[in-house]
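Here the structure is laid out as structure tokens; the discussion comes afterwards.
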Amino acid sequence: MGMDDRITHRSDAEKVTDDGVLAEIAYGTRHVRDPADPRRIVIGTPPIAGAPARDVWPLAEPTTAGWFDDIGYVVGEGFLFAHLLVPEPAGADLTCLTRQAYTRLLAFVRASRCPHPLRVWNYLSRINEDDGGIERYQSFCRGRAMAFAEAAIPDSRCPAATAIGCDAPGLSIHLLAGSQAGTPIENPRQISAYRYPPNHGPRPPSFARAMLYAGPERSRELAISGTASIVGHVTMHPGHLPRQLRETLRNLAAVIDNVPGDSATLRRHLRWLKVYLRDPERAREVDAVLRVWAGGHVPILYLRGAICRRALEIEIEGHCAPA
């Protein structure tokens, strides 16, 4: 591993690992960070019965892992995995908490040898509850947008992202960043999230529908954001899961097809899907449809989680990467 792959801010606990794992993400009932191994985190979105409960991000070379204050990080082959878990005390201002968390993470990423955020995952409790006249998701979006603006990240360069509600307390953020910038991809069926009108909150969501980037083997990889039943900026089929699923699949296809160049190759190399469901009892009927759409060879992880709008029942994210 060359020096170009090293993080600038090193900690005394930094160590080189020999198994080539950039991240190992498990899913359970609470958020957990392992002080002894920053590669491993647990996200408090429980897997639905029968689903695998772990993601592993492998690399061909050893990685370097450590902590910078309470930011865990792993770096290797031009990629950075970083994560932060922020407690949310009773009465805390979620906008302020989110802004501070993102300000710290973005500063850390910017100072590293992998300064380009590619993909971010956010998990917060009570995502649809009222917070001073707006939903907590909208308060989160306001804080995130403030931090992005202060970091001089324009809307057109926002990373791909997911934001899901869960029962576990605190704000959990983890991300993938790269030494090279990716190309944000939008969905022609939808208004870009960062251009949503004010009825969706005081600041619009700061994310791209997907991010195209060069993987470790220099092949094109597509990280697809959490995708739901939205056309334009409007929720379609409120409360109706089967119709929402079909609309979501149309959106996933539209994002992949909007990639410049050989999008058909990416479509054939869908590597995994992750499905968030409000009602875990509906997983079987969703799986029957997804297996046909994606093919029986594509791993699908089902998690219980609340979607960012009350009327949405399902959200799906994915990843395409030619072998």
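Looking at region 258-267, is at least one residue surrounded by 22 or more Cβ atoms within 10 Å (Cβ to Cβ), at pLDDT 95 or above and within 22 Å of the chain's Cα centre (by Cα)? No; the residues of region 258-267 include none that is surrounded by 22 or more Cβ atoms within 10 Å (Cβ to Cβ), at pLDDT 95 or above and within 22 Å of the chain's Cα centre (by Cα). For beta carbons closer than 6 Å, sequence separation of 6+ or different chains, a first residue in region 66-95 that is free of Cβ contacts under 8 Å to residues at least 60 places away in the same chain and a second that is of a type in the set (Val, Ile, Thr), the qualifying pairs are Val74/Thr63.
The numbered conditions (1) among the charged types (D, E, K, R); (2) over 24 Å from Ala321 (Cα atoms); (3) buried (at least 19 other Cβ atoms within 10 Å of the Cβ) are all true for Lys274 except (2). Among the residues of region 98-147, the ones that are surrounded by fewer than 20 Cβ atoms within 10 Å (Cβ to Cβ), more than 23 Å from Met211 (Cα to Cα) and over 17 Å from the mean Cα position of the chain (by Cα) come to 9 in all. Entry remark, region 289-323: residues being surrounded by 15 or more Cβ atoms within 10 Å (Cβ to Cβ) and farther than 20 Å from Arg243 by Cα number 6 in total.
Does Asp55 satisfy being touching a residue at least 12 places away in the same chain (Cβ under 8 Å) and more than 18 Å from the chain's Cα centre (by Cα)? Considered against the rule, which asks whether it is touching a residue at least 12 places away in the same chain (Cβ under 8 Å) and more than 18 Å from the chain's Cα centre (by Cα), Asp55 comes out as no.
When only residues in region 232-245 that are touching a residue at least 40 places away in the same chain (Cβ under 8 Å) and exposed (fewer than 15 other Cβ atoms within 10 Å of the Cβ) count, which is nearest to Ala214 (Cα to Cα)? Give the steps one after another, and end with the answer.
As a first pass, look at region 232-245 and keep what is touching a residue at least 40 places away in the same chain (Cβ under 8 Å): 232-233, 235, 238-242, 244-245.
Still in the list and also exposed (fewer than 15 other Cβ atoms within 10 Å of the Cβ): 232, 238-240, 242.
Values: Gly232: 29, Pro238: 37, Gly239: 38, His240: 37, Pro242: 35 Å.
That would be Gly232.
With respect to Ile153, is the statement that it is more than 21 Å from Asp257 (Cβ to Cβ) and buried (at least 23 other Cβ atoms within 10 Å of the Cβ) true? Spell out the reasoning first.
On the way: more than 21 Å from Asp257 (Cβ to Cβ): yes; buried (at least 23 other Cβ atoms within 10 Å of the Cβ): no.
So Ile153 does not fit the description; no.
Looking only at residues in region 197-222 that are farther than 29 Å from Arg271 by Cβ and touching a residue at least 40 places away in the same chain (Cβ under 8 Å), the one that is farthest from the chain's Cα centre (by Cα) is Pro202. For first residues located in region 112-126 and over 9 Å from Ala160 (Cα atoms), partners that are part of a loop (DSSP other than H, G, I, E, B) and hydrophobic (A, V, I, L, M, F, W, C) and lie 6+ apart or on another chain with Cβ distances below 6 Å form the pairs Ser112/Ile7; His116/Ala181.
Within region 250-269, how many residues turn out to be more than 24 Å from Pro46 (Cβ to Cβ) and part of a helix (DSSP H, G or I)?
Here is the first cut: in region 250-269, the ones more than 24 Å from Pro46 (Cβ to Cβ) are 250-251, 253-269.
Now drop any that are not part of a helix (DSSP H, G or I), which leaves 250-251, 253-257, 263-268.
Residues that pass the stated criteria total 13.
Condition test on Arg54, is it surrounded by fewer than 23 Cβ atoms within 10 Å (Cβ to Cβ) and modelled with pLDDT of 95 or more?
Details: surrounded by fewer than 23 Cβ atoms within 10 Å (Cβ to Cβ): yes; modelled with pLDDT of 95 or more: no.
Against the criterion (surrounded by fewer than 23 Cβ atoms within 10 Å (Cβ to Cβ) and modelled with pLDDT of 95 or more), Arg54 does not qualify.
Listed by first and then second residue, the pairs with beta-carbon distance under 7 Å, at least 6 apart or on different chains, first residue in region 155-174 and over 27 Å from Gly91 (Cβ atoms) and of a type outside the set (Val, Ile, Thr), second part of a helix (DSSP H, G or I) and at pLDDT 95 or above, are Asp155/Tyr194; Cys158/Phe148; Cys158/Tyr194.
The values are calculated or read from the model by the stated rules, or taken from the named source; none is laboratory data. Predicted model, so just to flag it, every value in this text is computed and none were measured. Backbone-built Cβ (ideal geometry, glycine too); neighbour counts: all protein chains shown.
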